[in-house]
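A.B. asks: I have a structure here, written as C-alpha cells, and I will follow up with some questions on it.
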C-alpha cells in the first residue's frame with residue numbers, strides 16, 4: 001500500500017513535456033513500432049504482425065514526441081461489453097515519466113466511453 005506512486009507527480013512530469021496522442025493507426029510507421037517493442041522491451045514483433053494486431057484492436061493510442069514514436073498501447077474489445085488492455089510500450093528514454101500510465105488511462109478512457117467493462121491484464 002505505501003509503495004504506490006503519486007499519480008499527480010507522475011502526470012505532472014508527463015504534462016510538462018510535449019507529446020502528441022494519436023488514436024488512429026493509419027499513419028503509423030510499423031517498422032518504428034516494431035523497434036519500439038524490441039527496445040521497450042516487449043519482444044521481437046515483426047511490422048506485419050504489429051499491423052495485424054493494432055488493426056484488429058478496437059482501441060489504441062500512439063504517443064509521439066517531436067515526431068518520434070515513444071509510446072503505444074492497445075486494447076482488445078468485443079465492441080459491446082468487454083475489453084482488456086493487452087500491452088503498453090514506452091521507449092526506454094521515456095520510461096519512468098508516467099507515460100505508460102497516462103497511455104493506459106487514455107486507452108481506458110476511450111473504452112469507458114464506448115463499453116460497459118474493461119479488464120487490466
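A.B. asks: Name the residue that is surrounded by the most Cβ atoms within 10 Å (Cβ to Cβ), counting only residues in region 76-93 that are under 17 Å from residue 22 (Cα atoms) and touching a helix residue (DSSP H, G or I) at 6+ places or on another chain (Cβ under 7 Å).
C.D. replies: 89
A.B. asks: Next question. Could you tell me which of the residues 96, 73 is outside any strand (DSSP E or B) and either modelled with pLDDT under 95 or surrounded by fewer than 16 Cβ atoms within 10 Å (Cβ to Cβ) (or both)?
C.D. replies: Criteria check complete, one pass: 96.
A.B. asks: Next up: Does any residue of region 30-41 turn out to be closer than 14 Å to residue 108 by Cα and either exposed (fewer than 14 other Cβ atoms within 10 Å of the Cβ) or under 13 Å from the mean Cα position of the chain (by Cα) (or both)?
C.D. replies: no
A.B. asks: Considering each residue of region 36-70, count those that are touching a helix residue (DSSP H, G or I) at 6+ places or on another chain (Cβ under 9 Å) and assigned to a strand (DSSP E or B), and give that number.
C.D. replies: 9
A.B. asks: If you don't mind, another one. When only residues in region 55-66 that are touching a residue at least 24 places away in the same chain (Cβ under 8 Å) and over 15 Å from residue 23 (Cβ atoms) count, which is surrounded by the fewest Cβ atoms within 10 Å (Cβ to Cβ)?
C.D. replies: That would be 66.
The values are calculated or read from the model by the stated rules, or taken from the named source; none is laboratory data. Remember, it's a predicted structure, so these values are computed and weren't measured experimentally. Because the Cβ atoms are built from the backbone with ideal geometry, glycine has one as well, and the counts that use them run over all protein chains shown.
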